[in-house]
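Structure record follows, encoded as structure tokens.
The values are calculated or read from the model by the stated rules, or taken from the named source; none is laboratory data. From a predicted model like this one, the values you see are computed outputs, not experimental measurements. Positions of Cβ are backbone-derived with ideal geometry, glycine not excepted, and every protein chain shown enters the neighbour counts.
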Amino acid sequence: MTAGDLGRDAERIEAQVKSTLEALKVKLATLDDATTDRAALLLSRRPELMRRARSIAALAPSGQRIRIHGDYHLGQTLRTADAKSPDGGGDFVLIDFEGEPARPIQERRRKQSPLKDVAGMLRSFSYVAFAALDHFSVAGGSELRQADPDALVTWAHWWQNAASAEFLRAYSDAAAQNLALLPEAETAQALLEAYLLEKALYEVLYELNSRPAWLRIPMNGILAL
């Protein structure tokens, strides 16, 4: 990873901020009231988001660039069973290595920080928690529908945080086999937060065009960063 790589990452994330917020502004009038309120709050954070995008260009470059999956999330994993294991055991295999379809092929083929894939999986845990909460709040039993909504949201956050912490622990253990792979801790955290922002912005753009009812999931993820 070089200073030039960090500069290109900053420019790419800055462009994502601009394109996503512009699209959100155009479609603001088509959203329901609750989503409009969150969208307006997100739009008001534009200067802060731009600052965060640019900030990684000032980091001291460290760590490596590698071939990454590019669209790494739970939907790209398949569990393999182990017939000899009492609990099914097995492992996971990854599929669909074409990267994010909306990205240019040149960008998808470029070597990048492995932390981009880490950010993709962490965002996936957010989707699991809150999409499931939406589903069961509607389709679940009467006991669930009568539960305190704030308490359910708290539990969704707890699950997301617990799953994320366990994933990061296991990832760090595996990455320790190549100490040069990741940047030093402070730089790694700053990069991961920048890539989480980029991924969530990409998700906002996707949901805006495909599933407006799910917009709150990535928007809340950005506002929580």
- Query: If we scan segment 47-62, do we find a residue that is surrounded by 13 or more Cβ atoms within 10 Å (Cβ to Cβ), more than 27 Å from Arg108 (Cβ to Cβ) and small (Gly, Ala, Ser)?
  - Reply: no
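For (1) touching a residue at least 60 places away in the same chain (Cβ under 8 Å); (2) closer than 27 Å to Ala60 by Cβ; (3) in a helix (DSSP H, G or I); (4) not hydroxyl-bearing (Ser, Thr, Tyr), each residue gets a yes or a no:
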residue: Thr187; (1), (2), (3), (4): yes, yes, yes, no
residue: Ala190; (1), (2), (3), (4): yes, yes, yes, yes
residue: Tyr195; (1), (2), (3), (4): yes, yes, yes, no
residue: Ala200; (1), (2), (3), (4): yes, yes, yes, yes
residue: Leu205; (1), (2), (3), (4): yes, no, yes, yes
residue: Pro218; (1), (2), (3), (4): yes, no, yes, yes
residue: Gly221; (1), (2), (3), (4): yes, no, yes, yes
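Among the residues of segment 1-10, write down those that are touching a residue at least 12 places away in the same chain (Cβ under 8 Å) and either outside any loop (DSSP other than H, G, I, E, B) or surrounded by fewer than 19 Cβ atoms within 10 Å (Cβ to Cβ) (or both).
Thr2, Ala3, Asp5, Leu6, Gly7, Asp9, Ala10
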- List every residue pair whose Cβ atoms sit under 7 Å apart, with the two residues 6 or more apart in sequence or on different chains, where the first one lies in segment 89-104 and is farther than 14 Å from Thr77 by Cα and the second, anywhere, is of a type in the set (Phe, Trp, Tyr) and at pLDDT 90 or above. Glu100/Tyr202
- Query: What do you reckon, is Arg38 more than 27 Å from Ala163 (Cα to Cα), among the basic types (Lys, Arg) and part of a helix (DSSP H, G or I)?
  - Reply: no
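Tell me the helices (runs of 4 or more DSSP H) entirely within segment 42-160 that contain at least 3 residues that are at pLDDT below 90 and touching a helix residue (DSSP H, G or I) at 6+ places or on another chain (Cβ under 8 Å). Give the steps one after another, and end with the answer.
Working: elements: 46-55, 105-109, 115-139, 142-145.
It comes to 115-139.
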- Answer yes if at least one residue in segment 12-22 is part of a helix (DSSP H, G or I), without any contact (Cβ under 8 Å) to a residue 60 or more places away in the chain and closer than 24 Å to Thr187 by Cβ, and no otherwise. yes
- Of Leu168, Leu181, which residue is at pLDDT 90 or above and not in a helix (DSSP H, G or I)? Leu181
